[in-house]
Amino acid sequence: MATSEPRSRRHRLAQLAQRLAALRVVLVLVLAPVAADAANIPCMEDGRFYRNPRPLPHRVWTNGECSKYYLCLDGEVFEFKCSAGLLFDVNRQICDFKMNVDNCDVVAEAVVPRPLLEAAGCGQGQLGCGDRTCLPAEYFCDGSVDCPDGSDEGWCDVDNDPNGSTACDPRSCRLPECFCSRDGTRIPGDLERGLVPQMIVLTFDDAVNSENWDLYTRELFTEEHKNPNGCPIRATFYLSHQYTNYQQVQRLWNDGHEIAVHSITHRGPEDWWSRNATIEDWFDEMVGQANIINHFAGVRMEDIRGMRVPFLRVGWNRQFLMMQEFGFRYDASMVAPFSDPPLWPYTLDHKPPHKCLGAKQRCPSRAYPGIWEMPLNQITIEGYTCAMVDSCPPHLSGEDVYRMLTNNFKRHYNTNRAPYGLYFHTTWFKRPEYLAAFKKFLTDMGKMPDVYFVTNWQAIQWMRDPTPSSQINSFEPWGCKPRKFDQNEIACNLPKTCKLTSRILQGERYLSTCGECPEQYPWIRNEFGLDSR
C-alpha cells in the first residue's frame, strides 16, 4: 500500500490550491510544479507570484523566460508556466498576450510602503508619508502620487484611506436619499418580510444585435410573461458599443426596458479598469457611451441612470467621482461575498457593508452621497458560487440549472427578500437545455402573487419608497401606463444600416440607427462619428 505524503507537504499543496483559487489568473494554463527547474530559484515568500531573480541576461525578454513564474510556500518553490503564446505580467499577476506585457525585466511587484499618517507627528491638517514627509491630509488617496515614496496612494482601500467614508449610521442615513445597514441585510423601511414584494432583476451585458434579438423578443419578453400587476416583465441592458444595433436598443427602451452603460471599448486587460483608468478615461468610456446611446438610439439622457464596469473591475474613487460629476445614479459592478441572507442595495454615503471581493479589486474608499450600489449577490450550486450566471460551472445539466435558479430564489424569498439578481451574457442561452430551464423558471415565478421582474432602477425606486405588496398595483414606478414619446424617439421599422470606416479599429463597421449615418464609426473621444480628418 502506498504511503501517504507528509502532512506538511499536503498543507503546502492545500495552500497552493487556495492561492490559485483566490487569484483571478486569466488566460493561464497552470502546469504542475517542476522541482528540478525550481531548485535553483530562491524563495520570495510574500504570497505573490514572482520571476526568476537570477535569469541569464540575454534570456530576460525571451518568451521562454518571460512565461515562467514562481510561488514560494513554507520555503518550497513551485514553478509554473503560461500557455503557449502568453507571457506573465508580474504586476497584474496574470498571463496575457505578448502585446500587453512590458515588464519581463521586473522580478516582483513593487511593494508600496505604508504611510505613517498621524504617527509621523506632522502639523495640524497634515499627515506623514512612509518616509516622514508631511503633506496636507487631502493629498492622501486622491489618485495622484505626492509622497516621494508613493505611500500616499498605496494604502487606499476602505479600511486604510485616512479620508475614507464612515460606518453606517442609520440615525442620519434616511430614505429616500440614503440607505444603509450594518451588515447589509436590513429590509428598507423595516417592513416585515411577508409584506415585501420579491424583486427579480434580470440584466444583460454587451451588445444588442441579431445574435440575441430573437432571444429577447421571441423567447423571454413575450406576452406570456407578466408581473402580478398585469405589466410585462422588464430587464436592464448594459450596453457596450461595438456591434450594437441602436434601432433595436431604441425598441427595447420604447417597450419599457432600462438602458444603461457598459463602456464604449470594453477594452482589456481587465486590470486596466481598476488600476490604470484615469477620471478622464472614465468620462471618455462611460459618458461617451451614454452620448452614443442618446444620439443613435434616441434614449433620453435622463433615462440613462446606471452603469456596469467591464469584467466587474470596479474603478476605485475615480469611477465614482466621474459618476458624481456626470449624474449617474447607480453602479452595478461590485461582487459581494456569498451571504445568507443576501444583501440589499445601499447608497455610498457610508462604507459598503461587505468586503470588496476579487484579487486586487478596488472598491471606493470615499463617501459618494446618494449614489446607489446594486451589489451582485452570488448564487450557489454544488459548492460553487458565481456572480454572473454564465460564470457558473459549465458542466451543469438543464435540471441542474433549474434547481440552481429555484434554490437561490428560495434563499432570497424565505429570508429578507433582497432583490434576486440574475446577470447574463446571452451566449449562455445558446444551450437549448439552459434556455428551457430558464423559461420554466420564468413560468413558475409568474404563478406567484408577490414576485416581480423589475429593472435595477425600478428596484431602487421601490427602496426609496418601500411599498407593501398589497399596494403595488398603485405603485407608479412599476406600472405600465403608456409613455408618451416624441416622434423622433419612437423606433423606426426600417433603420439605416451605415457602413463606416474606423481608423482606430483598422477596418469597417456597420451601425444601425433610426437617425442619420455619421461620417466615421463612433468611438472613444469621437462618440458622434464626426469626420476627424
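Accessible area per residue for the chain in Å², computed with a 1.4 Å probe and the full protein assembly in place, what is it? Display every interim value, and only then the final one.
Details: 24550 Å² over 533 residues.
Value for the chain: 46 Å² per residue.
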| field | log10 of Debye I(q)/I(0), alpha-carbon scatterers only, for the stretch 276-400 at 0.20 Å⁻¹ | value | -1.14
| message | Can you give me the long-range amide H partners of ARG362? Hydrogens built in the peptide plane at 1.01 Å from N, cutoff under 5 Å, separation of 5 or more residues or another chain. | response | VAL314, TRP316
| task | Determine the dipole magnitude for the chain: charges of +1 sit on the beta-carbon of Lys and Arg, -1 on that of Asp and Glu, nothing else is charged, the reference point is the Cα centre, and the result goes in debye to the nearest 20. | result | 1080
| field | Hull-based mean projected area of the chain, where the convex hull spans the alpha carbons, in square nanometres | value | 30.5
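Take peptides 389-402, 313-326 and line them up by average Cβ neighbours within 10 Å, highest first, as a rough protection proxy. Display every interim value, and only then the final one.
Numbers: 389-402: 15.6, 313-326: 21.4.
My ranking of the peptides, most packed first, is 313-326, 389-402.
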| request: Mind giving me the FRET efficiency for ALA84 and ASN414? R0 is 60 Å, r the Cβ-Cβ distance, nearest 0.05 is fine. | output: 0.75
| said: For the stretch 67-137, I need the span (max minus min coordinate) of the C-alpha atoms along each principal axis, in Å, sorted largest to smallest. | reply: 56, 34, 15
| said: Using a Förster radius of 25 Å, what is the FRET efficiency between LEU530 and GLU489 based on their Cβ-Cβ separation? Nearest 0.05, please. | reply: 0.65
| note | Out of THR443, SER469, PHE429 - ranked by how far each Cα lies towards the positive end of the dipole of the stretch 421-472, with unit charges on the beta-carbon of charged residues - the top one is PHE429
| Taking the Cα atoms of the stretch 199-265 alone, what are Rg (to one decimal) and Dmax (as a whole number) in Å? | 12.0, 39
| field | the stretch 326-478 - share of DSSP beta bridges that are antiparallel (%, nearest 5) | value | 65
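If we sort 187-197, 260-270 on the protection proxy, mean other Cβ atoms within 10 Å, highest first, what's the order? All intermediate terms of the calculation are to be shown ahead of the outcome.
Numbers: 187-197: 15.6, 260-270: 21.8.
Top of the packing list down: 260-270, 187-197.
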| remark: Per the charge dipole of the chain (beta-carbon charges, Lys/Arg positive, Asp/Glu negative, Cα centre), the residue among GLN126, PRO310, ASN414 reaching farthest to the positive end is ASN414
| What 222 nm value per residue comes from the helices of the chain, counting each DSSP H run with n ≥ 4 as -39,500 (n - 2.57) and dividing by all residues, nearest 500 deg cm²/dmol? | -5500 deg cm²/dmol
| said: If I compute solvent accessible area with a 1.4 Å probe over the protein chains, what percent of it on the stretch 212-266 is carbon and sulfur? | reply: 38
| request: Specify the inter-centroid distance of the stretch 132-176 and the stretch 63-123, based on alpha-carbon positions, in whole Å. | output: 26
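Contact order normalised by length for the stretch 404-522, with contacts defined as Cα pairs under 8 Å and 6 or more residues apart; what percent is it?
Values: 70 pairs, mean separation 15.3, N = 119.
Answer for the stretch 404-522 is 13 percent.
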| So if we plug the beta-carbon distance of THR62 and ARG275 into 1/(1 + (r/R0)^6) with R0 = 25 Å, what FRET efficiency do we get, rounded to 0.05? | 0.40
| Quick one: which of 430-443, 54-67, 518-531 comes out on top by average Cβ neighbours within 10 Å, and what's the full order, highest first? | 518-531, 430-443, 54-67
| Straight-line reach from LYS226: which lysines have a Cα under 18 Å away, not including same-chain ones fewer than 8 places off? | LYS439, LYS440, LYS447, LYS481
| task | Run the quick spin-label model on GLN471 and LYS226: label points 7 Å from Cα toward the beta carbon, then report their separation in nm to one decimal. | result | 2.5
| request: Considering Cα pairs under 8 angstrom that are at least six residues apart, work out the relative contact order of the stretch 39-79 and quote it in whole percent. | output: 48
| request: Using amide H atoms built 1.01 Å from N in the peptide plane, name the residues 5+ places from ASP450, or on other chains, whose amide H lies under 5 Å from its own. | output: none
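Suppose we look only past 26 Å in the calculated P(r) of the stretch 392-508. What percent of the Cα-Cα pairs does that tail hold? Spell out each step's value before the answer.
On the way: 3225 of 6786 pairs.
Roughly 48 percent, once rounded to a whole number.
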| Estimated vicinal HN-Hα couplings, Hz - the stretch 131-137 in sequence order (Karplus 6.51, -1.76, 1.60; Gly, Pro = x) | 9, 6, 5, 9, 9, x, 4
| remark: Once both label points are put 7 Å beyond Cα along the C-beta direction, the ARG431-GLU192 separation in nm becomes 4.2
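For ASN91 and ALA110 in one chain, what is 0.36 nm times their gap in residues minus the Cα-Cα distance, to one decimal in nm?
Working: separation 19, 0.36 × 19 = 6.84 nm, distance 0.81 nm.
Value of the extension gain: 6.0 nm.
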| query | For the stretch 163-179, in order, what is each residue's ³J(HN,Hα) by Karplus, 6.51 cos²θ - 1.76 cosθ + 1.60 with θ = phi - 60°, in whole Hz (x at glycine and Pro)? | reply | 10, x, 6, 9, 5, 3, 10, x, 5, 9, 8, 10, 5, x, 8, 9, 8
| field | Pair CYS517, ALA137: separation of 7 Å Cα→Cβ label points (nm) | value | 6.0
| task | Determine the alpha carbon to alpha carbon distance for each of LYS430/LYS484; LYS98/LYS360; LYS81/LYS410; LYS430/LYS496; LYS360/LYS499; LYS68/LYS360 and list only those over 31 Å. | result | LYS430/LYS484; LYS81/LYS410; LYS360/LYS499
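The values are calculated or read from the model by the stated rules, or taken from the named source; none is laboratory data. Owing to the predicted nature of the structure, the values given are computational and were not obtained by experimental measurement. Glycine also receives a Cβ, built like all others from the backbone with ideal geometry; neighbour counts cover every protein chain displayed. The area values use the complete protein model at the heavy-atom level, side chains included, leaving out ligands, DNA and RNA. Shrake-Rupley method; radii C 1.70, N 1.55, O 1.52, S 1.80 Å.
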